[in-house]
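The values are calculated or read from the model by the stated rules, or taken from the named source; none is laboratory data. This is a predicted model, so every value here is computed, not measured. We place every Cβ from the backbone using ideal geometry, glycine too, and count neighbours over all the protein chains shown.
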Amino acid sequence: MDTVQGKFNTQTGDPTDKGNEASSVKMKILFFARARDLTGLTEMPLEVSSGSSVQDCLNDLVARFPSLEEIRGCMVLALNEEYTTESAILEDRDELAIIPPISGG
C-alpha cells in the first residue's frame with residue numbers, strides 16, 4: 001500500500017498549508033484492515049494543531065477520506081500501541097492506529 005507525505009492543517013483543512021510550526025503536533029496515522037481499504041494507505045504523516053484530541057484528528061481524516069465515515073462508529077483506536085478514546089490529547093510524534101472491526105471464521 002501507499003503512504004501520503006505532507007501536512008494537513010486542521011484549522012484550514014488545507015493539505016498544503018504549512019501552519020505554525022511551533023503550535024503543531026506531528027504524528028503518524030496507521031490504517032488497518034477496512035480503514036486501509038477505504039483510504040488506500042497503510043500509513044500517513046499528519047500535522048495537527050497543538051492541543052488537538054483524537055476526535056479532532058478523526059474529524060480531519062474523515063474530511064480528507066469521507067469513506068472512513070462508514071466505520072467511524074465501530075473502529076477501535078490505539079495511541080502509541082495502547083487502546084485510547086477520542087478524548088485523548090495528541091502529542092508530538094504520537095502514533096494513532098485506526099483499527100476497524102475484524103471478522104473471520
Handout entry: Which numbered condition LEU58 misses (of (1) more than 11 Å from the chain's Cα centre (by Cα); (2) buried (at least 17 other Cβ atoms within 10 Å of the Cβ))
Key = (1)
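Out of curiosity, is SER87 surrounded by fewer than 18 Cβ atoms within 10 Å (Cβ to Cβ) and assigned to a loop (DSSP other than H, G, I, E, B)?
Numbers: surrounded by fewer than 18 Cβ atoms within 10 Å (Cβ to Cβ): yes; assigned to a loop (DSSP other than H, G, I, E, B): yes.
When the stated conditions are applied, SER87 passes them.
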Practice task
Taking THR42 as the residue in question, decide whether it is within 17 Å of ASP94 (Cα to Cα), surrounded by 14 or more Cβ atoms within 10 Å (Cβ to Cβ) and modelled with pLDDT under 95.
Solution key: no
Practice task
Go through the stretch 65-79 and give me each residue that's in contact with a strand residue (DSSP E or B) (Cβ under 9 Å, 6 or more places away or on another chain) and surrounded by 15 or more Cβ atoms within 10 Å (Cβ to Cβ).
Solution key: PHE65, LEU68, ILE71, MET75, LEU77, ALA78, LEU79
